[in-house]
Amino acid sequence: MDAHQQLLQWFWNIGGEHGYSSLDYPDWWYNEPTDVDDDVYFDDPPDEHTDLTEKLHRAMETSNDGTTYPWNIDDGINEVLRNHGYSNWASNDYYVSWNEVTDEIDNSRPFVLNMWHGGTGSSHSIPYGDHSVAVVGYAVDINTNEKFLLLHDTWDYSAHYLVFGDWWGAMATWIRPN
């Protein structure tokens, strides 16, 4: 563990971070990319997950290589929800502010962050590039006031930190039950 990771772990231990430290994702969720241009895709999921995964795949117009345009994510989620009797819960926000991040996490609402030219998450060796991740928490360095997102991606089983704003552009997909 490098000094940066130790510092972030220390913040977690003293409560300087908010959110969820880990989420249990099924084994079929992950596919490690070999470089920034690789598309991340789902391995074949078990039967009990196939139906929902396929519905979202079609509704979000995800290509066979795993590419989903960020502006299709909220529409796809809402389509699947409507088909199951729920109202629209998902919406896109084309500017992500720190106040929105802290409000969502403090209200137990993880969200999707869609990055263009995203930076490199902690313990990764390649940048995220054009990739979507689940934001599940945040931390603030009490000495420098630098802000970090705690996120999960589909590249491995670990949570990763990313400096807030370490991207050329970003869009959030909020999922808020009515």
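The values are calculated or read from the model by the stated rules, or taken from the named source; none is laboratory data. A quick note: this is a predicted structure, and the numbers were derived from the prediction, not measured. Counting neighbours? That spans all protein chains shown, and the Cβs are built from the backbone with ideal geometry, glycine included.
Restricted to region 52-67, and to residues there that are in a loop (DSSP other than H, G, I, E, B) and at pLDDT below 90, the residue that is nearest to M171 (Cα to Cα) is T67. Considering G137, G169, G85, G129, the condition of being surrounded by fewer than 17 Cβ atoms within 10 Å (Cβ to Cβ), within 26 Å of L56 (Cα to Cα) and either of a type in the set (F, W, Y) or at pLDDT 90 or above (or both) is satisfied by G169 alone. Within region 157-170, is there a residue that is touching a Leu at 6+ places or on another chain (Cβ under 6 Å), not in a strand (DSSP E or B) and not charged (D, E, K, R)? There is at least one residue in region 157-170 that is touching a Leu at 6+ places or on another chain (Cβ under 6 Å), not in a strand (DSSP E or B) and not charged (D, E, K, R). Across region 145-164, not a single residue is classified as touching an Asp or Glu at 6+ places or on another chain (Cβ under 6 Å), surrounded by 14 or more Cβ atoms within 10 Å (Cβ to Cβ) and among the small types (G, A, S). Across region 94-118, the number of residues qualifying as surrounded by 15 or more Cβ atoms within 10 Å (Cβ to Cβ) and either of a type in the set (A, V, I, L, M) or in a strand (DSSP E or B) (or both) comes to 10.
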